[in-house]
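Structure first, commentary second.
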Amino acid sequence: MAVLRVGTRTSALALAQAQAIAADIVAAAGLSGFQIVGITTKGDVNRQPLHEVGGSGLFTGAVRAALLAGECDVVVHSSKDLPAADHAELEIAYPRRENPADVFYGHMPFAQLPRGARVGTGSPRRAVQLAAVRPDVQIVPIRGNVPTRLARIEQDLDGVILARAGLNRLGIEGGEDLSVEDFVPAAGQGALGVEAVKGGWAAAAISLVADELTEREVAAERAFMAAIGAGCTTPVGVLGRAHAAGLTLHGRYLGGADFSQSDVDTPSLQQRRTGNTPSELHASHELGEGQLHAHPSPVAASMVVDIRVQAASSAAAAAELAARFRDAGVGAVLGSAMAVPKAAAVPKAVAVPGLGALTKPQSDGDLQRVVL
């Protein structure tokens with residue numbers, strides 16, 4: 001019987017994930033055991049903030065290269081680190097998903113954070129979502145593995161935001177799950193992606209640990225990200241929920257916008273000013289069973305676009321949701337070559353201290369731009 005060679009990053013979380021999934025594959029396929037092959041990625045070596053490092057495949061490129069070079073039989077990724085487009089030569093399976101929520105871990109409950117509290121995150125998405133909910137909080141860019149980030153709470157931070165799935169897989173208790181309405185997770189968050197070269201025995205083996213509902217959810221989320229041209233540094237969250245009747249998808253975009261122009265008047269975005277108060281953006285766009293709502297966030301000159309859709313299949317949900325984002329002008333700000341109404345207000349970049357302009361268009365060649 002074969003020994004399964006499993007490629008993975010070498011952080012404590014990556015190793016825990018790989019070992020757990022490897023044990024499941026070995027049991028399901030009747031293999032004799034597994035061997036971990038540690039791989040160092042660009043994201044592990046470069047400690048700059050994510051928005052400065054840029055590009056897709058930051059934590060997955062070297063791992064995939066090792067698989068294609070025959071150095072391992074399968075590789076295990078955190079699905080949220082994967083480029084939006086699937087790899088043409090690789091088969092991917094998604095085991096059952098963990099809790100996809102973001103977690104606040106700190107000295108006190110999230111609601112009791114004082115004004116000016118220092119909260120750490122290295123994620124542009126989490127940074128702008130935090131700024132939208134608590135504009136008075138200081139956002140501190142941090143990088144490193146889970147224990148390193150948690151240690152900062154005892155050093156110079158009041159709390160950090162990270163993923164519940166990672167804590168669970170490391171056996172770390174505590175922390176407070178944040179609302180997935182305000183903190184919409186990254187595409188694939190909580191799910192693992194297990195890849196093998198197409199057509200081989202390992203591809204058949206990983207299919208034995210795939211979970212149907214997880215595959216439908218993550219496929220829809222990744223298809224949506226590919227359709228709008230979004231990458232890991234884009235402040236977009238999307239969460240799929242598969243059920244017997246189909247799949248519900250919720251997408252949230254947070255980015256800068258300048259609605260001071262007087263000519264903003266499109267079917268998707270309507271501006272209204274009330275006396276000397278900040279401009280209020282109201283939009284509603286009926287489409288099928290879903291509805292779009294756009295409104296300004298408390299962050300200066302920024303916009304929140306929430307869009308939800310329910311469809312019979314993940315592909316249909318992703319396509320409809322992506323179309324609504326284009327209608328709201330989001331496609332243009334993400335740099336995707338999509339048709340956006342000429343009169344649509346195109347949001348400008350919103351700067352979060354230490355994290356730069358978070359709506360910078362993605363241009364990595366590995367990220368396919370799909371026009372639906």
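For segment 204-214, enumerate the residues that are crowded, with 19+ Cβ neighbours inside 10 Å and either in a helix (DSSP H, G or I) or in contact with a Cys (Cβ under 6 Å, 6 or more places away or on another chain) (or both). Lay out the reasoning, then the answer.
Step one: list which residues in segment 204-214 are crowded, with 19+ Cβ neighbours inside 10 Å, which gives 205-206, 209, 214.
If the condition is that a residue be crowded, with 19+ Cβ neighbours inside 10 Å and either in a helix (DSSP H, G or I) or in contact with a Cys (Cβ under 6 Å, 6 or more places away or on another chain) (or both), then Ala205, Ile206, Thr214 are the ones that fit.
Pairs needed: first member in segment 132-156, part of a helix (DSSP H, G or I); second member anywhere, surrounded by 15 or more Cβ atoms within 10 Å (Cβ to Cβ) and among the hydroxyl-bearing types (Ser, Thr, Tyr); C-beta distance under 9 Å; at least 6 residues apart or different chains.
Ala132/Ser297; Ala132/Ser302; Val133/Ser297; Val146/Ser11; Arg149/Tyr105; Arg149/Thr121; Leu150/Tyr105; Ile153/Tyr105
Would you please list the contacts, defined by Cβ atoms under 8 Å and residues six or more apart or on different chains, that run from a residue in segment 68-85 that is closer than 16 Å to Glu215 by Cα to a residue that is assigned to a helix (DSSP H, G or I) and of a type in the set (S, T, N, Q)?
If the second residue must be assigned to a helix (DSSP H, G or I) and of a type in the set (S, T, N, Q), the pairs left are Val76/Gln17; Ser78/Gln17.
Which ones in segment 298-312 are at pLDDT below 90, of a type outside the set (A, V, I, L, M) and over 18 Å from the mean Cα position of the chain (by Cα)?
Pro298, Ser302 - these are the residues of segment 298-312 that are at pLDDT below 90, of a type outside the set (A, V, I, L, M) and over 18 Å from the mean Cα position of the chain (by Cα).
Output the number of the condition that Ser179 fails; it satisfies all remaining conditions of (1) surrounded by fewer than 16 Cβ atoms within 10 Å (Cβ to Cβ); (2) under 23 Å from Val238 (Cα atoms); (3) at pLDDT below 95.
Condition not satisfied by Ser179: (3).
The values are calculated or read from the model by the stated rules, or taken from the named source; none is laboratory data. Remember, predicted model here, so these are calculated numbers, not experimental data. For neighbour counting, all protein chains shown are included, and Cβ atoms are generated from backbone atoms with ideal geometry for every residue, glycine included.
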